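Since the structure comes first, as structure tokens, the remarks are kept for the end.
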Amino acid sequence: MAFRKYDTCFFERYAMLQLRQLLGHKFDGLVNRDRPDLQSADGTTLGIEVTRAMEGGRQSALKMLKDISGISAVPGESQADIDAMQTSGYGYGLREGGYIGGLELDYWMGARPMKEIIAGKVGKVSSGFYGEFREFGLFVFSNDPLTLPNAYAAVQYTLSLQRPLDVKYSRLYISAVSDFYACNLEDDISPEFRITPYRVDEQQRRAFFLSALDYRCGE
């Protein structure tokens, strides 16, 4: 099956929907723009950059790719999900993250390990690359399983990089298919309050997936 070029807006919309559903009304007014990818409608209050991380990068992405044109549903799985992957080219969140759509391959092949991604994005926000917002957030997609200790390691690394900086992220969001971590990067927060984990069930993931396909980029 031949696919058109991937569209990062799918993941940006997925991130926006996940933030709204899991974290509440603060994110209701987000719009999909650029530099950073998600912004408050006023263009000054909140800016969130969306990216992806994968240990192993290109080789891991290639290993994940399946020839979904020949896949059929097995007991307990949905043929509708498979059809959606085939027609859209995306599959994030479906089938426990075991498959990616054809369009997603290029997206994940461009991913780098978590520490590299965080370091690059911290450097950009501190340099003014994303403009001026009262609050910045970093949203990272991962197709690798991430435990709570993994999330804490990412938080500690981000804090260490940001310690001497004036412009920095106040929040880190990590979406790892069925796990979501909302991380507070503000100063003087006790470790036990740094991270709020959320479990994202199959029904929620399917709803995010279908809604992200329906949205128009730039809304």
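The values are calculated or read from the model by the stated rules, or taken from the named source; none is laboratory data. Only a predicted model underlies this, so the values are computations on that prediction, with no experimental measurement involved. Note that each Cβ is placed from the backbone with ideal geometry, even for glycine, and that neighbours are counted across all protein chains shown. In case anyone asks, the SASA skips ligands and DNA or RNA and just uses the protein heavy atoms, side chains included. Shrake-Rupley method; radii C 1.70, N 1.55, O 1.52, S 1.80 Å.
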Per residue, in Å², the accessible surface of region 115-160 once ligands and nucleic acids are set aside, probe 1.4 Å: 45 Å²
How would you order 189-196, 23-30, 35-42 from highest to lowest mean count of nearby Cβ atoms within 10 Å? 35-42, 23-30, 189-196
As a test question: what accessible area, to the nearest 10 Å², does Arg33 have when a 1.4 Å probe is rolled over all protein chains in place? 110 Å²
In whole percent, how big is the carbon plus sulfur part of the accessible area of region 109-201, probe 1.4 Å, protein atoms only? 52 percent
State, to one decimal in nm, how far the label point of Asp34 lies from the label point of Thr147, with both points 7 Å from Cα in the Cβ direction. 4.1 nm
Shape call, region 123-219: gyration tensor on alpha carbons, a/c limit 1.5: oblate
Full-extension gain between Ala80 and Tyr157, please, as 0.36 nm times their residue separation minus the C-alpha to C-alpha distance. 23.7 nm
Isotropic mean projected area of the C-alpha convex hull, region 172-211 (nm²): 3.1 nm²
